[in-house]
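The values are calculated or read from the model by the stated rules, or taken from the named source; none is laboratory data. On a predicted model such as this, the values are computed, not experimentally measured, just so you know. All Cβ positions, even for glycine, are placed from backbone atoms using ideal geometry, and neighbour counts span all protein chains on display.
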Amino acid sequence: MPQISNKGKLMPASPIRKLTPFAEGAKQQGKKVYHLNIGQPDIETPEVMLNAIKNIDFKVWAYTQSEGTLSYRKKLVEYYNRANYNVTVDDILVTTGASEAITIAMQTCLDSDDEVIIPEPFYANYNAFAWMSSVKIKPVLSHIENGFALPPISEFEKLITTKTRAIFICNPNNPTGYLYSYEEMVELKNLCLKYDLYLFADEAYREFCYDGSKFYSPMHLDGLDEHVIVFDSVSKRYSACGARLGCFITKNRKVIETALKFAQARLSPGMVAQLAGEAAVDTPQSYFDNVNKEYTERRNMLVSSLNKMEGVYCPNPGGAFYVVAKFPVDDCEAFCQWMLEEFDYDNQTVMMAPAAGFYSSEDAGRDEIRLAYVLNKEDLANAMICLEKALKEYPGRKTVGSLQIGVES
Ligand SMILES: Cc1ncc(COP(=O)(O)O)c(C=O)c1O
């Protein structure tokens, strides 16, 4: 039999989908499974976006320009300049999701074995994107005790070598929900300027900031034009994960010219998705207001339910739609699997993502779980009842006391 490449053999599997066979097994036994493991929102896609692709009239389903259609990029300029990014159509490359934007950036800016520093826990697929690009991730540990705030800059500096090319943040963060402050952004800016590093910013959750807190992008900072690359996506903003549409934004001309060569090799982003994306820019503000209100209520409910469970600690995140919580068990992966394989309450159970897969440091996050609040409040409430019962029954539970860090609502 022809062989599989070493790259393929060592390609990391997604920790978010890893337990899927156990969830399927639970469903086959007739159990209802609440999916808090994956960032697939139940929120409806904006009507303007869906209407744009109903009954569209074309005779040839053609390629578009590799950088994306001019009309979509013009609309994106309108969207970003409302947020004071001060960009032009030449600063934007349309991609097949943020995922492609990230792989293009890694291939454009880093050579094999070059290093990128990322605060961890981080979106697990960064491991896969880095692996595909032969890039090394150097993690900087952030801590649940301070809600996963940006680690001290001295911790980043300790990791900088002659191979370091970039700092990579996700803001608001998946999986922690942490929203970076203006001061933290300025600290990152100074670091990138001092060592001449790229600042990669994944802003897939830009629209999801709660409690009136303000979102800051490195695009808002002076003097960083040559350093910043923003990755964005319509997946979460418009609850349109299946559109597979994102973009890559930078004012660095050399970077965008080089990125375009990678974009040309994959020919073009999808034409229909771009038509939908173009219309989506006109989504009324009321859509975002409603979504924001809904997610805030869900977050409040999830965080307070978790913190009421004995031995569980969950910080109150400022954005995105995830939390990372600490559980009174030795190994959260075993606990998540047990919930699917062995447990049910009234024929219901919960699927969650063990947080260890969002860390690249060995053994980090083994007692943490990521939960996505992508279900309606009734389902979320039922899922929390199930989880509380499961924790009481779980044979691998640790004795409580030392774990309790403090309670935020
Ligand atoms: C932080 C982050 N970046 C990127 C992506 C991928 O986005 P896309 O669907 O646009 O490829 C996701 C998807 O969950 C994400 O959470």
For residues that are hydroxyl-bearing (Ser, Thr, Tyr) and surrounded by 13 or more Cβ atoms within 10 Å (Cβ to Cβ), scanning just the range 195-217, find the one that is farthest from the ligand (Cβ to nearest atom).
Tyr195
If the requirement is being in contact with a Pro (Cβ under 7 Å, 6 or more places away or on another chain) and of a type outside the set (Phe, Trp, Tyr), which of these qualifies: Pro15, Pro46, Pro41, Pro21?
Pro15
The one condition Gln40 fails out of (1) of a type in the set (S, T, N, Q); (2) in the same structural domain as Leu375 (by TED's automatic domain parsing); (3) not in a loop (DSSP other than H, G, I, E, B) is (3)
Ser142, sole failed condition from (1) in contact with a Ser or Thr (Cβ under 6 Å, 6 or more places away or on another chain); (2) buried (at least 17 other Cβ atoms within 10 Å of the Cβ):
(1)
Go through the range 313-330 residue by residue and tally those that are in a loop (DSSP other than H, G, I, E, B) and within 23 Å of the chain's Cα centre (by Cα).
8
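So is Tyr373 out of contact with any helix residue (DSSP H, G or I) (no Cβ under 9 Å at 6 or more places or on another chain), crowded, with 20+ Cβ neighbours inside 10 Å and more than 26 Å from Gln28 (Cβ to Cβ) or not? It would help to see each step written out before you state the result.
Working: out of contact with any helix residue (DSSP H, G or I) (no Cβ under 9 Å at 6 or more places or on another chain): no; crowded, with 20+ Cβ neighbours inside 10 Å: yes; more than 26 Å from Gln28 (Cβ to Cβ): yes.
No: the conditions fail for Tyr373.
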Could you tell me which of the residues Ile153, Ile118 is within 15 Å of the ligand (Cβ to nearest atom), at pLDDT 95 or above and either of a type in the set (A, V, I, L, M) or surrounded by fewer than 17 Cβ atoms within 10 Å (Cβ to Cβ) (or both)?
Ile118
Qualifying positions in the range 218-238 - within 20 Å of Arg82 (Cβ to Cβ), more than 9 Å from the ligand (Cβ to nearest atom) and either outside any loop (DSSP other than H, G, I, E, B) or not aliphatic (A, V, I, L, M) (or both)
Pro218, Met219, His220, Asp222, Asp225, Val228, Val230, Arg237, Tyr238
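Which ranges mark the strands (runs of 3 or more DSSP E) fully within the range 103-214 that have 1 or more residues being among the acidic types (Asp, Glu)? Steps first, please.
Working: elements: 115-120, 136-141, 164-170, 198-202.
In the range 103-214, 115-120, 198-202 are the strands (runs of 3 or more DSSP E) which contain 1 or more residues that are among the acidic types (Asp, Glu).
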Confirm whether Gly270 is surrounded by 21 or more Cβ atoms within 10 Å (Cβ to Cβ), within 13 Å of the ligand (Cβ to nearest atom), of a type outside the set (Lys, Arg) and within 23 Å of Ile43 (Cβ to Cβ).
no
Pairs returned, first residue in the range 338-352 that is within 9 Å of Ala26 (Cα to Cα), second residue that is aromatic (Phe, Trp, Tyr), beta-carbon separation under 6 angstrom, 6 or more apart or interchain, are Leu340/Phe22; Glu341/Phe22; Thr349/Phe343
Whether any residue in the range 57-67 is modelled with pLDDT of 95 or more, under 26 Å from the mean Cα position of the chain (by Cα) and crowded, with 21+ Cβ neighbours inside 10 Å is what I want to check.
yes
